[in-house]
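The values are calculated or read from the model by the stated rules, or taken from the named source; none is laboratory data. On a predicted model such as this, the values are computed, not experimentally measured, just so you know. Positions of Cβ are generated from backbone atoms using ideal geometry, with glycine treated the same way; all protein chains shown enter the neighbour counts. We work out accessible area using only protein heavy atoms, side chains counted, and drop any ligands, DNA or RNA first. Shrake-Rupley method; radii C 1.70, N 1.55, O 1.52, S 1.80 Å.
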Amino acid sequence: PVKWRGWYSAIADLLPGLPDVELAPWQKKRLPLFFESTAKAYLVEGAGANTERLKVRSDTKPCWTIRASTGANRNISRLANAVLLETSRTVALSPRALARFQTIPDWYELPEKVSLACKGIGNGVPCKLAEAVVMSCLAAENYLVA
């Protein structure tokens, strides 16, 4: 068993350096439907979408699935994902923040091109998941050999 670590704690140290982003009027109108009184922050998916689809997760809930298209919009004011903080500040997620959601270590160099970095992150397997699968296979192999 591994202790659960939420999306907020994974990127909390990155939040002060993330760029501000403005949500569309329809998004602002729909946000109150999701608010909880105890939340520090909300993860907003669909911040750049042209549809009325909006997914919001409080800091106590798991992150949504990171896909190759997640965060790929280069126009920072319409980035596909955002974090709404208790300070009423809304920030755009960077590729490094998305990489943290996939448990990619900070020492791993991401491509400079945002769309390429997001595509690689979204197409990858979370590092901690891959590690758990490999360790399980090795344990099974050792068990069968013994």
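Round to a whole number: what % of the accessible area of segment 93-142 belongs to carbon and sulfur, probe 1.4 Å? Could the numbers behind the result be given before it?
Values: 2020 of 3210 Å².
In segment 93-142, the share of accessible area belonging to carbon and sulfur is 63 percent.
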Subject >> Sparse-neighbour loop sites [chymotrypsin sites (Phe, Trp or Tyr not before Pro); segment 83-146; at most 15 other C-beta within 10 Å; DSSP] >> reply: W107, Y108
Subject >> Counted charge near K128, where neighbours are those whose Cβ lies closer than 13 Å (Asp, Glu -1; Lys, Arg +1) >> reply: +2
Subject >> Sum of side-chain charges, A41 neighbourhood, beta-carbon under 10 Å (Lys, Arg +1; Asp, Glu -1) >> reply: +1
**OP:** Provide L110, L18 ordered by accessible surface of protein heavy atoms (probe 1.4 Å), highest first.
**Re:** L110, L18
Subject >> Ranked order, E86, E131 - accessible area, probe 1.4 Å, largest first >> reply: E86, E131
Subject >> Accessible surface of T103 - all protein chains present, 1.4 Å probe, nearest 10 Å² >> reply: 50
Subject >> Cα-based reach from K3 at 20 Å (exclusive), listing lysines while leaving out same-chain residues under 8 positions away >> reply: K61, K128
